[in-house]
1. With only Lys, Arg, Asp and Glu charged, each at its Cβ (+1 for the first two, -1 for the last two), find how big the charge dipole of region 35-109 is about the Cα centre; round to the nearest 20 debye.
2. Considering amide H positions built from the backbone, and no H for Pro or chain starts, which residues 5 or more places from residue 90, or on another chain, come under 5 Å of its amide H?
3. Given a Förster radius of 25 Å and the C-beta distance between residue 44 and residue 82 as r, what FRET efficiency does 1/(1 + (r/R0)^6) yield to the nearest 0.05?
4. For the chain, what does -39500 (n - 2.57) per DSSP helix run (n ≥ 4), summed and divided by total residues, give at 222 nm, in deg cm²/dmol to the nearest 500?
5. Work out from phi, with θ = phi - 60° and the Karplus expression 6.51 cos²θ - 1.76 cosθ + 1.60, the ³J(HN,Hα) of each residue of region 81-87, listed in order in whole Hz, and give x for Gly and Pro.
6. For residue 109 and residue 65, calculate 0.36 nm times their separation in residues minus their Cα-Cα distance, and state this gained length in nm to one decimal.
7. Not counting the cut sites, what is the longest span of the chain without GluC sites (Glu not before Pro) that DSSP labels loop and that have at most 16 other Cβ atoms within 10 Å?
8. Please report, as a whole percent, how much of the solvent-accessible surface of region 3-72 comes from carbon and sulfur atoms (probe radius 1.4 Å).
Amino acid sequence: MKEGRIAIPSIEAGGLDGQRSGHFGHCDVFTLVDVEEGEIKLVTTIPNQSHVQGGCMVPVNLLAEHKVNALIVGGIGMRPLAGFKQVGIDVYYDVTRHEIKPVVEDLLA
């Protein structure tokens, strides 16, 4: 990935040196990584929203509103996966590592 914004479901404060959440829909925050010319330019976080109204589509809509292009998850249900496809967000899997930075670096490579 050379350009765009990557989202990673994260626990606690998130950030590039943070840990991924095992369940994307119940993460504390989403770490957003802005990429330009294949390099990390900016890292921010946004709080996840409640699942109560809108169910699994709440995080889909949240990330679409924040102009995310790619999502890295350890696992995801079929309904939100279909939602991300509908809004044009590519979903990538890494089930083994919980550190955010190496997973993002691998996607950039």
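1. 360 debye
2. Under 5 Å from the amide H of residue 90 lie the amide H atoms of 70, 71, each far enough along the sequence or on another chain.
3. The calculated FRET efficiency here is 0.40.
4. After summing the helix terms and dividing by the residues of the chain, the value is -7000 deg cm²/dmol.
5. Values per residue, Gly and Pro as x: 4, 4, x, 5, 4, 4, 8 Hz.
6. Once the chain is fully extended between residue 109 and residue 65, it gains 13.2 nm.
7. It works out to 38-109.
8. For region 3-72, the apolar C and S fraction of the accessible surface comes to 49 percent.
The values are calculated or read from the model by the stated rules, or taken from the named source; none is laboratory data. If you're wondering where the values come from, they're calculated on a predicted model, not measured in any experiment. Positions of Cβ are generated from backbone atoms using ideal geometry, with glycine treated the same way; all protein chains shown enter the neighbour counts. Heads up: the accessible areas ignore ligands, DNA and RNA and are worked out on the full protein's heavy atoms, side chains in. Shrake-Rupley method; radii C 1.70, N 1.55, O 1.52, S 1.80 Å.
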